[in-house]
1. List the relative contact order of the chain as a percent without decimals, with contacts defined as Cα pairs under 8 Å and 6+ residues apart.
2. Among Gln59, Ala71, Val98, flag the residue with its Cα farthest along the positive direction of the charge dipole of segment 7-102, charges on Cβ as +1 for Lys/Arg and -1 for Asp/Glu.
3. Pairing the Cα long axis of helix 39-48 with the longest principal axis of the chain, what angle in degrees results, from 0 to 90 and rounded to the nearest 10?
4. How big is the equivalent ellipsoid of the chain along its three axes, where each semi-axis is √(5λ) from the Cα gyration tensor, reported in whole Å from largest to smallest?
5. Trypsin sites (Lys or Arg not before Pro) within segment 93-202: which are DSSP loop residues with at most 14 other Cβ atoms inside 10 Å?
6. Specify the angular offset, from 0 to 90 degrees and rounded to the nearest 10, of the alpha carbon long axis of helix 112-123 from the longest principal axis of the alpha carbons in the chain.
7. Can you give the helix-only mean residue ellipticity at 222 nm for the chain, where every DSSP H stretch with n ≥ 4 adds -39500 (n - 2.57) and the sum goes over all residues, rounded to the nearest 500 deg cm²/dmol?
8. To the nearest 10 degrees, how steeply does helix 176-190 sit against the main Cα axis of the chain, on a 0 to 90 scale?
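The values are calculated or read from the model by the stated rules, or taken from the named source; none is laboratory data. Bear in mind the structure is a predicted one, so any value in this text is a computation, not a measurement. Cβ sites come from the backbone with ideal geometry, for glycine too, and all protein chains shown count toward neighbours. For accessibility, only protein heavy atoms count, side chains too; no ligands or nucleic acids. Shrake-Rupley method; radii C 1.70, N 1.55, O 1.52, S 1.80 Å.
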Amino acid sequence: MSDPIRLLLADDHPVVRAGLRAVLATEPDLEVVAEAATAEQAVALAGRDRVDVVLMDLQFGAGMHGAEATAAITARGGGPVVLVLTTYDTDADILAAVEAGASGYLLKDAPPEELAAAVRAAAAGRSALAPAVAHRLMDRMRAPGTALSRRETEVLQLVADGLSNQQISRRLHVSHATVKTHLVHVYGKLGVDSRTAAVAAARARGLIRR
């Protein structure tokens, strides 16, 4: 019998980690070997322990974001693959995770059998996407001219979070003019003419978080 797939659970909620551990314990070929309550801890454990797959949440409160941790883990080469497991299914979150190198993207309401299958697929080098996530990515491919880019969704999410153009330029380390250019492109693609209308339209379409 082959060795079990070794898992690291990265989520800031102890109850969620306990629930995942209980569900995965029913699968004889899966073994939870470590848990992380912060993204920084996940990066450290993924590099130190012999882990095959990291189940990564995206939001950890203060500190590093799950997508940043995913990028840090996958950039090493030869390390574990990352399977994002989150409650968020917006374009902004999906694109950030995919660009960071995630091998899959599942939502936390996925049934246990789907989660186990996704872990096995990721460990085998295959992608694993929740149906809703796959659908959103297909929609982007069908209409690339109207889809917001990764950076445009990032800028718009920061607008929705209440940041000014100046604050966004500092956060993203780009010029004030670049932020304005991104917003002009966003307005054109969404068919709106203001920041407020852009945020409302993007939230209605599931492009950014509510």
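1. Values: 325 pairs, mean separation 31.4, N = 210.
This gives 15 percent for the chain.
2. Ala71
3. In the chain, helix 39-48 runs at an angle near 40 degrees to the longest axis.
4. On the way: eigenvalues 223, 64, 41 Å².
Here the semi-axes work out to 33, 18, 14 Å.
5. Answer by residue number: Arg126.
6. Between helix and principal axis, roughly 90 degrees.
7. Values: 10 runs with 108 residues, N = 210.
Roughly -15500 deg cm²/dmol at 222 nm, from the helical runs in the chain.
8. Approximately 90 degrees, to the nearest 10.
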